[in-house]
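Take a look at the structure below.
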Amino acid sequence: MHIPDGFLNNQTNFSLIVVASTFCGLAFKKAKDFLFEKTEALVPQLMTNVGLEINQPKILNKLNLKLNANKKIQQTAVVAAFIFACQMVNFPVSNGTSGHLLGGVLAAMVLGPWLGMLAITGVLAVQALVFGDGGVLALGANIFNMAVVGTIGGYYLYLLAVKIFKNKNISIALAAWFSVILASTACALELAISKTISLNLVLPAMFFIHALIGLGEALITVFALKFLFNDYDSKK
Amino acid sequence: MTPKNKIILAISVLVGGIFSIFASAFPDGLEKVAENYGFINQAKISFPALIADYAFPKVGYEPLATALAGIFGTILTFLLILFLGKVIIKTKQL
């Protein structure tokens, strides 16, 4: 559901660029928490020039790279690459329509909501800027729909589902399906706000087609998590 | 890089480079809705893409053009995130 340029009006495009940038800033801040930890470092002070009194060592707060920081970055990059590749493989759904993985819940389950959001944002940026898939002006809207709503939203959908159903795979499948519905609803709202099409037409149309595409999303997400990303550290 | 990450990256390149050739050419959900409700023609290109339509330029044979685009995009995405990660590490004082 990559929105091309021309579907949304300028106000909608630019408002969502601001929203998307804000979330990217937040995600960068959160990413630092994953990569660094504050440690107290003892810094021995120099002896005074008299050479008699030795001061107490000074305590400094230092930001240290966590041991697994590079691994975490590599994981994020690998997940993004996998999702980019999967998004190229459209699967047919019904009456001449196809869909592809969005990957929001997949990314959030492996990386947590914030690094997951950055992974999907990276995918969307490459698609828009290099491949012309999704408009450059609409990039903010696409990041909002798929990286913010689909990934961060998808993560909380999973937390909600697992509380109710107590089963990991069922919850992943439900969260994946709902994340596609939510993202397509956001897309429909943006189209309606831009006066491209009225809400009472676009909302049900987007819902029905993405209810089908969401089934593929649920299937791929469950299988990829089970067989490919199974032993990844899922601690957030 | 851990062996696991290498395997998943290799699978990604395979999916982007081989599976993509067999992707459905049907319009996606949003495109279909845009066709049905007559606003598909409003789509316009504001900035010409380097690799439009996931076909590597100047490659005549279509499956090969798709495969090259898929492999290129998958690796580019991987490198972009690695690069961003390095930037975050470099700017830790900010």
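Rule-based calculations on the coordinates, nothing more; no lab input. Only a predicted model underlies this, so the values are computations on that prediction, with no experimental measurement involved. Glycine gets a Cβ as well: all are built from the backbone with ideal geometry, and neighbour counts include every protein chain shown.
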Nothing charged except the Cβ atoms of Lys and Arg (+1) and of Asp and Glu (-1): what's the magnitude of the dipole of the protein assembly as shown about its Cα centre? Round to the nearest 20 debye.
1120 debye
If you take the beta carbon distance between B:Lys4 and B:Asn41 as r and set R0 to 51 Å, what does 1/(1 + (r/R0)^6) give as a FRET efficiency, to the nearest 0.05?
0.65
With Cα coordinates, the longest principal axis of chain B makes an angle with the long axis of helix B:62-90, in degrees rounded to 10, of 40 degrees
Separation of region B:60-89 and region A:84-141 by C-alpha centroid, Å?
14 Å
Within 10 Å of the Cβ of an average residue in B:44-55, the count of other chain Cβ atoms is 5
Cα-Cα over 28 Å, subset of A:Lys29/A:Lys226; B:Lys4/B:Lys90; A:Lys29/B:Lys32
A:Lys29/A:Lys226; A:Lys29/B:Lys32
Given a Förster radius of 56 Å and the C-beta distance between B:Ile89 and A:Leu212 as r, what FRET efficiency does 1/(1 + (r/R0)^6) yield to the nearest 0.05?
0.85
Using the Cα centre of chain B as the reference point, and only Cβ charges (+1 on K/R, -1 on D/E), how large is the resulting charge dipole? Debye, rounded to the nearest 20.
660 debye
Simple spin-label estimate for A:Lys195 and B:Lys58 in nanometres, 7 Å along Cα-Cβ
4.6 nm
Note the angle between two axes, namely the Cα long axis of helix A:113-130 and the longest principal axis of the Cα atoms of chain A, as a number of degrees from 0 to 90, rounded to the nearest 10.
60 degrees
How far, in degrees from 0 to 90, does helix A:69-88 lean away from the longest principal axis of the Cα atoms of chain A, to the nearest 10?
10 degrees
